[in-house]
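This report refers to the structure that appears directly beneath it.
The values are calculated or read from the model by the stated rules, or taken from the named source; none is laboratory data. All of these numbers come straight from a predicted model, not from anything done at the bench. All Cβ positions, even for glycine, are placed from backbone atoms using ideal geometry, and neighbour counts span all protein chains on display.
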Amino acid sequence: MSKSHYAGIDIGSNAVRLLIKCLNEPGSSEPLSKVQLVRVPLRLGEDAFTEGRISKKKAKQLVSLMKAYSSLMEIYEVTAWRACATSAMRDAENGQELVERIYEKTGIKIEIIDGKEEARLISADLIRSLAGRDGDTYLYVDVGGGSTELNLVQGDQLIDSRSFDIGTIRQLNGRVRDEVREAFAGHIHELRTRFGELQLVGTGGNINKLLRLGAPSERANINILSVDSLREVADQLRQYTPEERMQLFRLKPDRAEVIVPAADIFLTVSELTGASEIIVPTKGLADGIVDSICPILAG
């Protein structure tokens with residue numbers, strides 16, 4: 001393969017993704033193009049948020065998956081790669097032990113990143129895309145299985161970044177503490193008081209699925225989902241079991257379970273900010289990881 005390839009591994013609370021992109025020729029509309037995306041729903045958060053550690057079974061599955069991802073990167077002759085783990089591995093008492101085991105077995109060194117670095121990776125491309133738009137203030141909301149990241153952006157500057165232990169898997173397991181919800185609402189109220197009107201930007205797999213259901217004609221790099229449409233979709237999904245959602249809405253099993261709590265989190269943020277719409281870019285954390293190691297985008 002003559003083109004340079006870069007890979008990002010996103011080890012989330014719900015799914016583990018491998019994204020491989022190739023470097024385009026100078027002058028192309030996009031610096032990188034996706035050539036491969038693999039997503040496996042290991043649901044690490046089910047262990048981490050209930051038992052406080054990753055079980056032997058899921059640890060073994062993660063090692064096997066990293067071996068497979070290593071082989072794929074070898075096939076694509078990946079020039080550079082980066083692997084990042086988020087909330088589930090942060091919370092698991094054996095997270096670092098598992099990182100060392102995976103490095104020994106596969107040669108893949110995993111970084112357990114904090115909420116601030118996660119927020120930076122998620123926001124970097126969006127900041128480049130939205131920089132200079134009428135001086136607006138953007139609140140980036142990334143809903144994951146274990147945490148929700150809130151990032152405040154003005155122009156090309158990340159002004160404020162916070163991570164809260166409010167995620168879809170935590171909600172499904174009743175593991176979101178009242179004091180965390182209160183802190184979450186209080187922080188958004190403070191941001192609104194300080195900065196006035198906030199434009200919402202939603203990121204992550206769930207909001208993209210909700211966009212497909214609520215605004216099926218939207219298919220640009222940056223899309224708009226009205227809060228009214230989001231509420232209608234959430235109310236409709238709520239009427240069915242996860243199994244029924246799989247059939248009626250063509251959702252994967254893990255997505256069918258977490259999509260309603262994800263919608264609820266986005267609706268909560270919308271209510272707290274008074275926003276009537278959510279901007280939905282197509283890129284997520286895996287894209288940010290790849291961009292962070294590409295020489296023409298990094299830094």
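Tabulated results
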| read-out | value |
| --- | --- |
| Residue in the stretch 201-212 that is of a type in the set (S, T, N, Q), outside any helix (DSSP H, G or I) and surrounded by fewer than 21 Cβ atoms within 10 Å (Cβ to Cβ) present | no |
| Residue match in the stretch 238-251 (condition: touching a strand residue (DSSP E or B) at 6+ places or on another chain (Cβ under 9 Å), outside the structural domain of Gly45 (by TED's automatic domain parsing) and in contact (Cβ under 8 Å) with a residue 40 or more places away in the chain) | no |
| Enumerated helices (runs of 4 or more DSSP H) restricted to the stretch 12-108, each holding at least 2 residues that are surrounded by fewer than 22 Cβ atoms within 10 Å (Cβ to Cβ) and free of Cβ contacts under 8 Å to residues at least 12 places away in the same chain | 56-75, 95-106 |
| Test: residue in the stretch 111-121 that is under 24 Å from Val258 (Cα atoms), in contact with a helix residue (DSSP H, G or I) (Cβ under 9 Å, 6 or more places away or on another chain) and assigned to a loop (DSSP other than H, G, I, E, B) | yes |
| Search result, residues across the stretch 154-183 that are part of a helix (DSSP H, G or I), hydrophobic (A, V, I, L, M, F, W, C) and in contact with an Asp or Glu (Cβ under 9 Å, 6 or more places away or on another chain) | Ile169, Leu172, Val180 |
| In the stretch 216-243, the residues that are surrounded by 13 or more Cβ atoms within 10 Å (Cβ to Cβ) and among the acidic types (Asp, Glu) | Glu218, Glu232 |
